[in-house]
Every structure is written in structure tokens, then in C-alpha cells.
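Quick notes on the structure that follows.
The values are calculated or read from the model by the stated rules, or taken from the named source; none is laboratory data. Computed from a prediction, not measured in an experiment: that's the story for all the values here. All Cβ positions, glycine included, derive from the backbone under ideal geometry; neighbour counts span all protein chains shown. The protein model used for the area step is the full one, side chains on, heavy atoms only, and it has no ligands, DNA or RNA in it. Shrake-Rupley method; radii C 1.70, N 1.55, O 1.52, S 1.80 Å.
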Amino acid sequence: MTAIEPSGQILGATVRGMDLAKPLNDAHFGTILEALGRHGVLRFPAQELEAAELRDFSQRFGRIQATLTGRHHEPGMPEVGYLSNIIENGEPIGITDAGQDWHTDMSYNETIGFLNVLYAVKVPRRDGQVLGATMFANTQAAYDDLAPDLKAKLATATVTHDFNKFWENMRRRPGSLRGPLTPEQRRRRPPSVHPIFLTHPITGRRVLYCNPGYAIRINELDESESDRMLETLFTHRWTEGDVLMWDHIGTLHNAVADYRPDEHRLMKRCQVMADRIFEPAFVRDAVAAASLAGAPSR
Ligand SMILES: [Fe+2]
């Protein structure tokens, strides 16, 4: 029996009773979509997944973006990226500094990101404390909390998002292993412009779609006014076997780098694009399948 337990915070829920290694039936797919819209971040504890199972689960929701560098992924499977500080044969096996500022993935793409699915394989701990947490913010609540005059003022504003902004911010950190993007890499990740407010494809609520990681400019307005979005935060502390999936449209996230190189962390990640989720039938049919099967307990 599937159960969804809300965290009691401004976002987040734990989903029990689903084995993500098994093919996802239509009812569970609809249940997950509805819960993602409502809670933003879903935790599926105690999962045991092969990389192909993680990929197959993720690509039910949309197309997966492969890593830009062509490295740091499951052997033979570019859809399953590695986020890790583990060094093997003198080389990091994954991206060592992914996500260490407030952002949402793939806002820099013309087809924006829909969700991430991360599978925790190794989680660093020191003196009983879990390190390498991920923090979240709720962009639906952030929109609701904006003052009415600001909502009106920004109603038609647009934001330019640039992959290179985040890349360069990471490069400026001490010990960064990143080189500058090559002209070819910049060509493959050009900036994109999106409305500052989107309608969430699952909930129909408005979201503040502007994040400090990639947003280089509010095209019609003073940039400082976009800072109001980070009002409410929620942090997830990982444990091995956790699968966390989160909605890139309804949340922002930030990876906390409080662990040393010898305190090993390994996450396997699929970045799913919003190539399907804005099709009304995609959500409608999924939610119908879930309600036909009976709503899960909440
Ligand atoms: Fe990210």
C-alpha cells in the first residue's frame, strides 16, 4: 500500500510502499506527479537500484539531459551522472562541486528542467553528523508571498538564464577543478529567456521562476528585487538508499559542501527535462489513472 507522509514543512514528503526498481505502473506514475506538484520534493527511502532502473524510472517523466563534459557518468550510460568527491586512479569519478548555490537545474535551457532524481549511494558523516545535505525552497510559496504590487509590476517581466554564470561562480572557488567552458560547450548551452512567473504544469499555481544560480538579468527591472524568493527553506539530510526526486519548477535547491575530500559522497543523478510535462494530457491522464486506482493515504 502506497502512503504519502507530508514533512510538515513548507515542502517535502516521504513516499512509502513503492519499489522504484520495478516498472512504474500508471497509477503510481499519476500518484507521484500529483504528490510532486503538491510537495515539490519526494523522498523514497531504502531503495536498491541498478543504474538502468534509475534511468528507466526517471525517463517516464521526460527526456534526460546527458552531462555536458561527456564524463562523470555510469559506464556506457550518459543519462546517469555521478556527483561525487571520490578519486579513482587520480581522477574524480563524478562532478565534485555540483549545485553549491541556490538554483534550479536547466533553467538555462530553452526546454527548461522538470525534475531531478538523485540516488544516494555514499553519504559522508563526521562525529555522528550527516554531511552534504541539500536545501530546498518553495517557489510556489515564494510567489504567493510576493507583495501584490510587486506581482503586478513583474507580471510580464522576463529573466535571462545563463549556464555560464553558475559555471564561472564555481570556478572562482578555491581548489576548483573546472576549466572555462570551451566555445563549443558555450554553443551547446546558450542563455535562454523565460517569464519570471510560470504556471505550474501540475498544480496550476503561479511560481516565481527566477534563481540566483543562473539568472543574469531581470530584463525589464532592477535585479535586486528578485531576491525575495529565498524566504522559506527546507533541508534534506541524506542516508544511503534514499532516492530523492524534486520538481525544478516548484522548488529551488542548494547543495551544502561541508565534507572533506576523504569523507566520501556519491550520488547517481538523472536530470529530466520538461519536454512532456507542459502537455495538458500528460498530467490529466496520469492523475486520472491514479484516482481510478484509488487515492493513496496522506
Ligand atoms: Fe542542481
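Some points to look at:
- If you go through region 159-188 and pick out every residue that is within 16 Å of the ligand (Cβ to nearest atom), in a loop (DSSP other than H, G, I, E, B) and crowded, with 17+ Cβ neighbours inside 10 Å, you end up with 1.
- As for region 141-148, it holds at least one residue that is more than 26 Å from L20 (Cα to Cα), more than 16 Å from the ligand (Cβ to nearest atom) and of a type in the set (F, W, Y).
- Candidate set: region 278-298, residues that are open to solvent by 20 Å² or more (accessible area, probe 1.4 Å), assigned to a helix (DSSP H, G or I) and among the small types (G, A, S); chosen: the one modelled with the lowest pLDDT: S291
- Once region 33-47 is narrowed to residues that are of a type in the set (D, E, K, R) and under 14 Å from Q9 (Cα atoms), the residue that is surrounded by the most Cβ atoms within 10 Å (Cβ to Cβ) is R43.
- When G94, G90 are checked against the criterion of being within 14 Å of the ligand (Cβ to nearest atom) and farther than 29 Å from L208 by Cα, G94 stands alone in meeting it.
- The lone criterion from (1) under 16 Å from V243 (Cα atoms); (2) open to solvent by less than 20 Å² (accessible area, probe 1.4 Å); (3) not β-branched (V, I, T) left unmet by G17 is number (2).
- Against the test of being within 16 Å of the ligand (Cβ to nearest atom) and either among the aliphatic types (A, V, I, L, M) or under 20 Å from the mean Cα position of the chain (by Cα) (or both), the options Q100, Q47 yield a single qualifying residue, Q100.
Quick grid of which residues meet (1) modelled with pLDDT under 95; (2) open to solvent by less than 10 Å² (accessible area, probe 1.4 Å); (3) within 23 Å of I93 (Cβ to Cβ); (4) over 13 Å from the mean Cα position of the chain (by Cα):
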{"position": "E240", "(1), (2), (3), (4)": "yes, no, yes, yes"}
{"position": "G250", "(1), (2), (3), (4)": "yes, yes, no, no"}
{"position": "A257", "(1), (2), (3), (4)": "yes, no, yes, yes"}
{"position": "R269", "(1), (2), (3), (4)": "no, no, yes, no"}
{"position": "R276", "(1), (2), (3), (4)": "no, no, no, yes"}
